[in-house]
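A quick write-up on the structure given underneath.
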Amino acid sequence: MAAWSSRKLLGDVLLRRVVSNNQVSGFRRCFSSAPHGAPKIGHYSKKGRLLTGATIGLLIAGGAYVSTVDEATFCGWLFSATKLVNPFFALLDPEFAHKLGVSAAARGWVPREKRPDLPSLGLEVWGRKFSNPVGLAAGFDKNAEAIDGLLALGFGFVEVGSVTPVPQEGNPKPRIFRLRKEGAIINRCGFNSEGIVAVAKRLGAQHGKRKLDETSNSSTSSNDEVKQGGKAGPGILGVNIGKNKTTEDAALDYVQGVHTLSQYADYLVINVSSPNTPGLRMLQGRKQLKDLVKKVQAARDEMQWGEEGPPPLLVKIAPDLSKEDLEDIAAVALALHLDGLIISNTTVSRPDSVSRNPLASETGGLSGKPLFNLSTNILKDMYILTRGRIPLIGCGGISSGEDAYKKIRAGATLVQLYTAFAYGGPALIPQIKAELAACLERDGFKSILEAVGADCR
């Protein structure tokens, strides 16, 4: 494919050059009697011929070389090339850059990962097969606009949302602040969402397209082939549900989200930990959380499901919790047989590493590298409290394969990133996966599941 593209490009360029040269030759003949014009045109033509020759030479050499490399090498080039775009995004307003990134992924203007993941990275959780444990956290694709493009980047799973029942603008702008030196971001978006109707329409269209593709490809695929992924096709899709700012009975919003969106989700997330919606974190209390989870589970279970059964239900918690809070959440999770926990959301604290940055005084949740230690300690505590019985997703401050590995050793079965992806772009994904695989091999683990909770044993 790469060779064909290069040859087509070369043919197009040659055709344009031939036409251009004919036009220039005709122009020279028409004005050959002009005493002052001829020398300038001749000089220009000589430069043009040199430039044309150099361009064609480079294209021929590049095309010939590309035609000799394998698809994996060419794919690696494409991912590495995205690093050239990162400085451009850094010059843009953070929220505009975010929208531009989502739009690019939605239109397929991002590289597609053609290289298979290493077997050591594959795992099965909740009966779903993940080709790798590295996912994209909720908050990037809030309105499910770019699922296909994001999964094609090589994520093992993508989580969309948070989605609220009724569309809402969120908090006033500016509401996203880069702390570039610290590798961090502060945001106070406040669940800006197009609402469940718009998201359900996109998820339904994407689901229908996938079913159509499966039908058309069924004749060419082997019956013995093990298919990775879930309802989103090549990867696993999570749907994160939130509540509207003005809703008094939070359970009603979460139940509505489940009824509308769960049919498209490989797993569901109740977000009760965003610091940017007033009163939301109060739902993490023992009684409040127990009542909420019961109602949401009942809403999910009353729906009709096929052989796969209902999607797993997870709760996303904050890193700013006391030991007593963690014990309460663990007790509720075990008693109600919760399918998983995501640890953690952003923090309202300001670690020493960011305290001197003038932007640290901005209200909102802090994400990125400064969150890593705090969220990883909470993750380890929760793994111990739940005795490793509940799958945990480690989120917060991951920017390398070593970071992902530390989360896994602390008890995470899966990991998510967001801020590092916003800074590093698509090239970061294959890098993290390769580094993670190297960490497993270094310490003698043959799979992700072997390493889960290794530091807690």
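The values are calculated or read from the model by the stated rules, or taken from the named source; none is laboratory data. As the structure is a computational prediction, the values presented were derived from the model and not from experiment. Cβ sites come from the backbone with ideal geometry, for glycine too, and all protein chains shown count toward neighbours. Just so you know, the surface numbers come from the protein's heavy atoms only, side chains and all, with ligands and any DNA or RNA stripped out. Shrake-Rupley method; radii C 1.70, N 1.55, O 1.52, S 1.80 Å.
For (1) of a type in the set (A, V, I, L, M); (2) more than 24 Å from Ser273 (Cβ to Cβ); (3) open to solvent by less than 50 Å² (accessible area, probe 1.4 Å), each residue gets a yes or a no:
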position: Leu151; (1), (2), (3): yes, yes, yes
position: Ile176; (1), (2), (3): yes, no, yes
position: Leu179; (1), (2), (3): yes, no, yes
position: Asn192; (1), (2), (3): no, no, yes
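Scanning the range 118-146 for residues that are assigned to a helix (DSSP H, G or I) and either hydroxyl-bearing (Ser, Thr, Tyr) or surrounded by 15 or more Cβ atoms within 10 Å (Cβ to Cβ) (or both) gives Ser120, Leu121.
The number of residues in the range 379-395 that are open to solvent by 10 Å² or more (accessible area, probe 1.4 Å) and under 23 Å from the mean Cα position of the chain (by Cα) comes to 2. Of all residues in the range 283-294, one or more are under 18 Å from Phe191 (Cα atoms), surrounded by 15 or more Cβ atoms within 10 Å (Cβ to Cβ) and either under 28 Å from the mean Cα position of the chain (by Cα) or of a type in the set (Lys, Arg) (or both). Could you list all residues from the range 72-117 that are among the basic types (Lys, Arg), assigned to a helix (DSSP H, G or I) and modelled with pLDDT under 95? If the condition is that a residue be among the basic types (Lys, Arg), assigned to a helix (DSSP H, G or I) and modelled with pLDDT under 95, then Lys83 is the only one that fits. Whenever a residue of the range 107-129 is within 30 Å of Leu338 (Cα to Cα), its partners that are of a type in the set (Val, Ile, Thr), lying with C-beta atoms within less than 6 angstrom and at least six residues away or across chains, give the pairs Leu123/Ile448; Val125/Thr413; Arg128/Ile236. For the range 271-281, state whether one or more residues are modelled with pLDDT under 95 and in a helix (DSSP H, G or I). So far as the range 271-281 goes, yes, one or more of its residues are modelled with pLDDT under 95 and in a helix (DSSP H, G or I). Considering only residues that are of a type outside the set (D, E, K, R) and either touching a Pro at 6+ places or on another chain (Cβ under 9 Å) or assigned to a loop (DSSP other than H, G, I, E, B) (or both), look in the range 242-253 and name the one that is surrounded by the most Cβ atoms within 10 Å (Cβ to Cβ). Looking at the filtered set, the residue picked out is Gly242.
Entry remark, the range 403-423: residues being of a type in the set (Gly, Ala, Ser), part of a helix (DSSP H, G or I) and open to solvent by less than 10 Å² (accessible area, probe 1.4 Å) number 1 in total. Scanning the range 254-270 for residues that are part of a helix (DSSP H, G or I) and not β-branched (Val, Ile, Thr) returns Tyr254, Gln256, Gly257, His259, Leu261, Ser262, Gln263, Tyr264.
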